Amino acid sequence: PSPHIDWTSGAVSLLTEATPWPDVDRPRRAAVSSFGISGTNAHTIIEAADAVQAPSPETGGEATGSPVGIAVVPWLLSGGSPDALSAQAGRLREFDGVRTAHADDLADIGYSLATTRSALPYRAVVVAEEPAQFRSGLDALAEGRNAATLIQGVARTEHKTAFLFSGQGAQRLGMGRELYDAFP
């Protein structure tokens, strides 16, 4: 806490440890502000999300046996060329964990593919809910065929969007021009 603020007056308080957030009759919101030495300020307002109920068998939560109640899972693949993408699908379908995968394994495999692999330009996703459907999609990708569970594409590299945060107030025009000149 800043020693320059009288924290005993007013309704504002600084949290210094975990504090329960009580339920009230309106959405729970909090404001967070950060003031940097260089003049960079950040402000955000956060709101508590609605409670999520665990899936039940009646709503299809365990219909696939998925440990997280997900009915459909994506498996993401990528390669540096169309042939490399097909080869990647062939290697994956021969991987012992995929050949013997059960419904409980689908989300884990999908998570691993999404978070541990490079995102190369040639991409495909196999979207299914049963191990046999995933194997069928991998077969189609490896053999250069289409399948109902398979989507393919090429990542675009042109038209990248960039945001330039150029300062505030009177600084904005000059600072923005200098930043853009340094990093066009």
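Quick one: how many residues across the range 137-150 are on the phi < 0 side of the Ramachandran plot and open to solvent by 60 Å² or more (accessible area, probe 1.4 Å)?
Going residue by residue through the range 137-150, those that are on the phi < 0 side of the Ramachandran plot are 137-143, 145-150.
Now narrow it down to the ones that are open to solvent by 60 Å² or more (accessible area, probe 1.4 Å): 143, 145-146, 148.
Residues flagged as on the phi < 0 side of the Ramachandran plot and open to solvent by 60 Å² or more (accessible area, probe 1.4 Å) within the range 137-150 amount to 4.
Quick test of your reading of the structure: residue 48 fulfils all but one of (1) over 21 Å from residue 2 (Cα atoms); (2) open to solvent by 70 Å² or more (accessible area, probe 1.4 Å); (3) among the small types (Gly, Ala, Ser). Name the failing condition by number.
So the condition that residue 48 fails would be (2).
Identify, from the list 106, 76, 120, 85, the residue that is out of contact with any Phe, Trp or Tyr (no Cβ under 6 Å at 6 or more places or on another chain), in contact (Cβ under 8 Å) with a residue 40 or more places away in the chain and part of a helix (DSSP H, G or I).
106
Among the listed residues 90, 97, 153, 80, which satisfies the condition of being of a type outside the set (Lys, Arg), surrounded by fewer than 16 Cβ atoms within 10 Å (Cβ to Cβ) and in contact with a strand residue (DSSP E or B) (Cβ under 6 Å, 6 or more places away or on another chain)?
153
With the checklist (1) open to solvent by 70 Å² or more (accessible area, probe 1.4 Å); (2) modelled with pLDDT under 90 in hand, flag the one item residue 123 doesn't pass.
Only one criterion is unmet by residue 123, namely (2).
The values are calculated or read from the model by the stated rules, or taken from the named source; none is laboratory data. Computed from a predicted model, the values in this text were never measured in an experiment. Note: ideal-geometry Cβ built from the backbone for every residue, glycine included; neighbour counts use all protein chains shown. Side chains included, ligands, DNA and RNA excluded: accessible areas come from the protein's heavy atoms. Shrake-Rupley method; radii C 1.70, N 1.55, O 1.52, S 1.80 Å.
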